[in-house]
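The block underneath contains the structure these notes are about, expressed in C-alpha cells.
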Amino acid sequence: MGCAQGKCCLPRHPRRGSSCAVGGRGDHGGATLGRAAVPGAGLVLEYAALAVAGLYPDSPARESQDAHLVATRFAGDPDLHLFAVFDGHGAAGAACAGFARDALLRLLLASPSLAADPAAAFREAMLGANAEMHAAPGVDDSMSGTTAVAALVAGGALHVANVGDSRAVAGVWRAGRVVAEDLSWDQTPFRADERARVKACGARVMSVEQVEGMRDPEAEGWAPDEGDPPRVWARDGLYPGTAFTRSLGDLAAEAVGVVAEPEVKSVEITPSHLFFVVASDGVFEFLSSQEVVDRVATYPDPRDACSAIAAESYKLWLEHENRTDDITIVIVHIRDMENGVTKQTMVVSGHQ
C-alpha cells in the first residue's frame, strides 16, 4: 500500500527560491504527483495533493488544522484507492484532524466489509473514529473536532463518505462540456433537513446576529453570502456555535445533534467521469463546485490545477477578509489504462 498522509503546509510568505510556493502552470506550487492503476476496471488514476496553511495575522504561529490522506492499493488490493481530507476546528483542531486521519485509515484497513459494502465500512469507521477520539487521552475534543470527506475508488465504482462541510465533486463530460457532479452534500444548518434534525435533538439554530438580538431569533432567511451563517446552539447556553451539523469530535455538540454519522454516495465510474476533487472548505468558501471543476478541466497536470485553485482561493479569501483559511485539495484524474487519454486531455488541447 502506498500511503502519503499528513499536513504539508506552505509558508505564509514564500521565500525566494522556495519549492513550497503557490505558483502557476509548470511550477506546481509544491503539489505532489502520483499514479495508481485500477486493473479491474482498466483505469489509471493520476493524482496530486496540495495543502496551504492559512494566514492568520493575529496568530502568526498558528499551525494548519487540515490533514489529508492518500492511500493507494488500499488493504493490499490493487483496485482500492483512498483519498481523504480533514478540516479541524477549535483549539485542538489540528490534533483532531490528525487523529481522525490515522483512526479512519486503521479502522478501514481492519474492516471486513470494505470490499463488499464500502458504505457500511465507512459508517462503522467514522463512528468508530469519533468514539475513539472522545476517549483519547491526548486529544481534547470537548469543543474541537474535524470534518472528514473520503473518496474510495473500488474498481469501477467511486464511494464518497462525508461528515461536515468539506466537499467532493466530480468533473463529468456532458453535452460537450465538463459539468460538476457533487459527490457529497455540505452538512450545515442551511439545509432544511439538517436544521430540522438538530432542532429535534434540542438545538437552537441562529446566527450570531440573532443570538445578540440584532435580528429576529425566529427568522430563517439566511443568505449564504451575507453576514454570519446559521449556527447550532444548545437550548440553555451559548455553545457550541458550530456552523456545521455533523463532525468527528465536538463532544459537547453531540447532545444537540452534531453527529458523526456520514452520508455516503456511490457512483459508477463511466467514460464520462474525467476527474474528481476532494477539498476542504478553504477552497469552496468562495468557489462553487462548477468553478472548481472548470479550473481543473483547463490543466492536463493535476499539480498545476491544485496550485491554480489554491492560489485563487487564497486571493479570494484576502479580498473578502483579512485572513485566509487553511486550504487543502486533492485532484484525481481518471484515465483509460490502454491509452491514458481522457476527454479532459482533448478539452485542454482544444480538440473537442
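Quick notes
- Verdict on G221 being at pLDDT 95 or above, more than 28 Å from A94 (Cβ to Cβ), outside the structural domain of G90 (by the TED database) and assigned to a loop (DSSP other than H, G, I, E, B): no
- Residue check, D228 without any contact (Cβ under 8 Å) to a residue 24 or more places away in the chain, over 19 Å from the mean Cα position of the chain (by Cα), on the phi < 0 side of the Ramachandran plot and exposed (fewer than 14 other Cβ atoms within 10 Å of the Cβ): no
- Scanning segment 112-139 for residues that are within 16 Å of A75 (Cβ to Cβ), open to solvent by 20 Å² or more (accessible area, probe 1.4 Å) and assigned to a loop (DSSP other than H, G, I, E, B) turns up P112, S113, A115, A116, D117.
- Residue list for segment 286-310, restricted to those being open to solvent by 40 Å² or more (accessible area, probe 1.4 Å), under 21 Å from D66 (Cα atoms) and in a helix (DSSP H, G or I): R303
- Being in the same structural domain as C96 (by the TED database), open to solvent by 10 Å² or more (accessible area, probe 1.4 Å) and in contact with an Asp or Glu (Cβ under 8 Å, 6 or more places away or on another chain) is true of R335.
- Taking segment 92-111 as the range and being buried (at least 18 other Cβ atoms within 10 Å of the Cβ) and in contact with a helix residue (DSSP H, G or I) (Cβ under 8 Å, 6 or more places away or on another chain) as the test, the residues that pass are C96, F99, A100, A103, L104, L107, L108, S111.
- Residues within segment 296-352 that are modelled with pLDDT of 95 or more and farther than 30 Å from A97 by Cα, tallied: 3
- Of all residues in segment 29-49, one or more are open to solvent by 40 Å² or more (accessible area, probe 1.4 Å) and at pLDDT below 95.
Results for (1) in contact with a strand residue (DSSP E or B) (Cβ under 7 Å, 6 or more places away or on another chain); (2) within 26 Å of V38 (Cβ to Cβ); (3) of a type in the set (A, V, I, L, M, F, W, C); (4) assigned to a strand (DSSP E or B), shown as yes or no for each residue.
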site	(1), (2), (3), (4)
R62	no, no, no, no
V70	yes, yes, yes, yes
A75	no, yes, yes, no
H81	yes, yes, no, yes
F86	yes, yes, yes, yes
A91	no, no, yes, no
A94	yes, no, yes, no
D102	no, yes, no, no
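- Filtering segment 253-285 to residues that are of a type in the set (A, V, I, L, M) and either surrounded by fewer than 19 Cβ atoms within 10 Å (Cβ to Cβ) or part of a loop (DSSP other than H, G, I, E, B) (or both) leaves A255, V256, V258, A260, V267, I269.
- Boolean, V198 is of a type in the set (V, I, T) and in a helix (DSSP H, G or I): yes
- The C-beta contact set for segment 87-109 (first residue within 22 Å of V52 (Cα to Cα), second residue open to solvent by 40 Å² or more (accessible area, probe 1.4 Å) and part of a helix (DSSP H, G or I), distance under 6 angstrom, 6+ apart or interchain) is empty.
- Selection status of V178, of a type outside the set (G, A, S), closer than 27 Å to S113 by Cβ, open to solvent by less than 30 Å² (accessible area, probe 1.4 Å) and not in a loop (DSSP other than H, G, I, E, B): no
- Answer from A151, A170 - the residue that is within 14 Å of L69 (Cβ to Cβ), open to solvent by less than 30 Å² (accessible area, probe 1.4 Å), assigned to a strand (DSSP E or B) and in the same structural domain as L108 (by the TED database): A151
- Where E254 falls short, out of the listed (1) closer than 23 Å to A161 by Cα; (2) touching a residue at least 12 places away in the same chain (Cβ under 8 Å); (3) outside the structural domain of V163 (by the TED database): (2)
The values are calculated or read from the model by the stated rules, or taken from the named source; none is laboratory data. Since the structure is predicted, the reported quantities are computational estimates derived from the model, not experimental observations. We place every Cβ from the backbone using ideal geometry, glycine too, and count neighbours over all the protein chains shown. What goes into the accessible areas is simple: the full protein's heavy atoms, side chains included, and nothing from ligands, DNA or RNA. Shrake-Rupley method; radii C 1.70, N 1.55, O 1.52, S 1.80 Å.
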